[in-house]
2 protein chains.
Amino acid sequence: MAQAIDFYFDFSSPYGYFMSERIDALAERHGRKVRWRPVLLGVVYQTIGSVPTPSIPLKGPYVLHDIERSARFLGIPYRAPAAFPVATQAAARAYYWLHERDCPLARRFAHAIYRAYFVDGRDISAPGEVLAVASELGADRDALAEALGGEALKARLRDECQAAIARGVFGSPTVFIDDEAFWGVDRLPQIERWLADGRF
Amino acid sequence: MAQAIDFYFDFSSPYGYFMSERIDALAERHGRKVRWRPVLLGVVYQTIGSVPTPSIPLKGPYVLHDIERSARFLGIPYRAPAAFPVATQAAARAYYWLHERDCPLARRFAHAIYRAYFVDGRDISAPGEVLAVASELGADRDALAEALGGEALKARLRDECQAAIARGVFGSPTVFIDDEAFWGVDRLPQIERWLADGRF
């Protein structure tokens with residue numbers, strides 16, 4: 001069995017959302033599994049001295065336009081959220097808590113969080129909304145609520161962010177295939193060829 | 001006749017070089033001409049408060065690797081230059097001087113400068129090398145040398161950079177089709193569809 005693909009993303013990243021709608025099927029066509037790894041771009045940006053793209057002159061307005069065009073190009077439903085970007089600690093912590101208990105549920109939760117934010121306009125920065133999305137999928141709301149306030153889960157997400165940075169992650173989405181990094185949903189054609197032909 | 005496509009680039013930009021090897025044939029398949037517009041990314045970066053990508057932690061090393069992989073993916077000859085990025089004032093000024101006298105020669109010169117830098121490892125930041133490339137193509141070396149030292153040509157390039165920034169250019173390559181901006185050689189698939197189908 002070939003090594004699993006690692007998929008790093010922030011729940012507030014539109015290009016990460018687009019990748020999330022494609023990467024599992026693409027990997028499956030090539031006999032690969034995918035490990036989903038939510039991280040906090042804010043922590044990454046502090047490390048490399050970057051700022052959220054929407055705040056950059058010229059580039060910010062372009063990217064907001066490119067996100068909507070790229071959604072149409074890829075055929076993925078998308079509505080620009082009222083607040084963007086937002087904090088995604090609660091969503092990412094909830095993901096890791098679910099993942100330790102029920103992997104398929106964690107995957108469904110990740111899809112549901114992305115669609116709640118980028119299609120339905122829900123405020124995924126609010127812990128209450130994160131708990132609502134999880135319980136709609138059948139998760140134990142009270143247990144998750146208690147875990148979200150605890151130190152263990154905070155430490156887990158901190159460790160995941162540091163591990164991602166140590167591996168070279170500087171943006172969302174970043175996909176690793178056998179330690180080869182691909183940054184951005186626009187690398188899908190290169191990812192496809194890498195999986196089909198091996199290195200090129 | 002459909003409106004010409006505008007192609008903004010810096011002669012020190014590898015992704016701009018890749019686009020230069022594709023944009024004319026792509027435009028021609030859709031009945032369009034291309035206006036080539038060299039600019040100075042350094043001036044653009046001063047305006048938006050950015051720095052050259054190779055100097056950014058994590059992102060810099062990734063991008064240097066991505067450039068070589070993207071060249072192989074696109075099937076374009078590429079060898080990483082010893083010095084990168086380099087100043088491209090002389091090359092850009094020479095382009096505009098040639099363009100006022102002989103448009104096809106200016107296009108051949110732009111290709112030759114890009115290939116001199118990204119294939120043959122020549123130092124295109126040196127005015128002497130720029131003059132050599134131009135005279136190899138049949139340009140009047142002495143007249144160009146005199147123009148390169150003059151205020152008129154400096155002002156012309158300054159104006160081109162300001163016009164590009166005013167239009168929203170923040171990186172290389174940027175392609176405009178009917179005022180729709182596409183940044184990056186990885187937007188070639190979107191450019192192709194835009195030309196084929198009109199807006200999408």
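State whether the residues of region A:78-89 include one that is within 14 Å of another protein chain (Cβ to nearest Cβ) and not acidic (Asp, Glu). Within region A:78-89, one or more residues are within 14 Å of another protein chain (Cβ to nearest Cβ) and not acidic (Asp, Glu). Candidates A:Glu21, A:Glu28: the one that is among the acidic types (Asp, Glu) and either without any contact (Cβ under 8 Å) to a residue 12 or more places away in the chain or farther than 22 Å from A:Phe73 by Cβ (or both) is A:Glu28. Only residues that are more than 14 Å from chain B (Cβ to nearest Cβ), of a type outside the set (Val, Ile, Thr) and touching a Phe, Trp or Tyr at 6+ places or on another chain (Cβ under 8 Å): list them for region A:32-68, please. Matches in region A:32-68: A:Arg35, A:Trp36, A:Arg37, A:Pro38.
When you go through A:Ala134, A:Ala147, A:Ala126, A:Ala94 one by one, which is the residue that is within 19 Å of A:Pro38 (Cα to Cα), touching a Lys or Arg at 6+ places or on another chain (Cβ under 7 Å) and among the small types (Gly, Ala, Ser)? Of the residues listed, the single one that is within 19 Å of A:Pro38 (Cα to Cα), touching a Lys or Arg at 6+ places or on another chain (Cβ under 7 Å) and among the small types (Gly, Ala, Ser) is A:Ala134. Please go through region A:95-137 and give me each residue that is in a helix (DSSP H, G or I) and in contact with an Asp or Glu (Cβ under 6 Å, 6 or more places away or on another chain), ordered by number. Within region A:95-137, A:Glu129 is the sole residue that qualifies.
Residues of region B:121-157 that are in contact (Cβ under 8 Å) with a residue 12 or more places away in the chain and out of contact with any helix residue (DSSP H, G or I) (no Cβ under 8 Å at 6 or more places or on another chain): B:Gly121 alone. Scanning region B:8-54 for residues that are of a type in the set (Gly, Ala, Ser) and either modelled with pLDDT of 95 or more or assigned to a helix (DSSP H, G or I) (or both) yields B:Ser12, B:Ser13, B:Gly16, B:Ser20, B:Ala25, B:Ala27, B:Gly31, B:Gly42. Restricting A:Ala71, A:Ala92 to residues that are touching a residue at least 40 places away in the same chain (Cβ under 8 Å), part of a helix (DSSP H, G or I), touching a Phe, Trp or Tyr at 6+ places or on another chain (Cβ under 6 Å) and not basic (Lys, Arg) narrows the list to A:Ala71.
Screening the candidates B:Ile165, B:Ile177 for the property of being in contact (Cβ under 8 Å) with a residue 40 or more places away in the chain and touching a Ser or Thr at 6+ places or on another chain (Cβ under 7 Å) yields one hit, B:Ile165.
The values are calculated or read from the model by the stated rules, or taken from the named source; none is laboratory data. None of these values were measured; they are calculated from a predicted model. All Cβ positions, even for glycine, are placed from backbone atoms using ideal geometry, and neighbour counts span all protein chains on display.
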